[in-house]
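The values are calculated or read from the model by the stated rules, or taken from the named source; none is laboratory data. Because the structure is predicted, anything quoted here is derived from the model rather than measured. No Cβ is skipped: glycine too gets one built from the backbone with ideal geometry, and neighbour counts run over all protein chains shown. Each accessible area value is taken on the protein alone, full model and side chains, heavy atoms only, with ligands, DNA and RNA left out. Shrake-Rupley method; radii C 1.70, N 1.55, O 1.52, S 1.80 Å.
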Amino acid sequence: MRIDYTQLSPKAYQGLLACKNALAESPLGLPLIELAYLRIAQLNGCVFCLKLHSHALRRKGESQEKLDMVGGWDVAEAGAFTPRERAALAWTEAMTRIAESRAPDSLYQSVREHFSEAEMSDLTLAIALMNAFTRIAVAVRQ
């Protein structure tokens, strides 16, 4: 690791962890959040996070076959992902690729059909948080 940010910036790191812990109690459910986290790890090329989130999903009972399809969730066979999971993954990709996507209103409205306002807020925060974590991990070579 290039720098140990957990020790060099402990208050900031603890804030990130506090946010992650709060989101783990979200009504979204941890499996859905972990699915978004796994897709973020894929998009940002974070090997540490890929291992962490795929392991967490397997512990929650997700099949290896489903995990193998996360990278192609939008073209995966019907039934592999629920409409709610597809919506979460679409929002995950739009936010992770924000420079290109600009998180369009049309996508927001279609995703919003699957989540309450509070869930949408939690999902948005979870995606932003994990993008921060993966970018840090890649930058410091965690």
Consider P27 carefully, then state whether it is surrounded by fewer than 12 Cβ atoms within 10 Å (Cβ to Cβ) and either at pLDDT below 95 or under 22 Å from R86 (Cβ atoms) (or both).
-> yes
Can you tell me how many residues in the range 117-142 are open to solvent by less than 50 Å² (accessible area, probe 1.4 Å), among the polar types (S, T, N, Q) and in contact (Cβ under 8 Å) with a residue 60 or more places away in the chain?
-> 2
Would you point out the residue of the range 46-59, among those that are touching a helix residue (DSSP H, G or I) at 6+ places or on another chain (Cβ under 8 Å), modelled with pLDDT of 95 or more and open to solvent by 40 Å² or more (accessible area, probe 1.4 Å), that is farthest from N131 (Cα to Cα)?
-> R58
Residue that is farthest from the chain's Cα centre (by Cα) [pool: residues in the range 61-73 that are within 16 Å of I33 (Cβ to Cβ) and not in a helix (DSSP H, G or I)] = G61
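Quickly run through the range 110-124 and pick out the residues that are small (G, A, S) and in a loop (DSSP other than H, G, I, E, B). Working first, answer last.
Quick first cut of the range 110-124, residues small (G, A, S) only: 110, 116, 118, 121.
Selection gives S116 alone.
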Output yes when any residue across the range 97-109 is surrounded by 15 or more Cβ atoms within 10 Å (Cβ to Cβ), part of a helix (DSSP H, G or I) and either touching a helix residue (DSSP H, G or I) at 6+ places or on another chain (Cβ under 7 Å) or aliphatic (A, V, I, L, M) (or both), and no when none is.
-> yes
Determine which member of the set A76, A41 is open to solvent by less than 80 Å² (accessible area, probe 1.4 Å), at pLDDT below 95 and either assigned to a helix (DSSP H, G or I) or touching a Lys or Arg at 6+ places or on another chain (Cβ under 9 Å) (or both).
-> A76
Can you find even one residue in the range 79-94 that is open to solvent by 60 Å² or more (accessible area, probe 1.4 Å), at pLDDT below 95 and not in a helix (DSSP H, G or I)?
-> yes
Residue among A41, A56 that is of a type outside the set (D, E, K, R) and in contact with a Cys (Cβ under 7 Å, 6 or more places away or on another chain) | A41
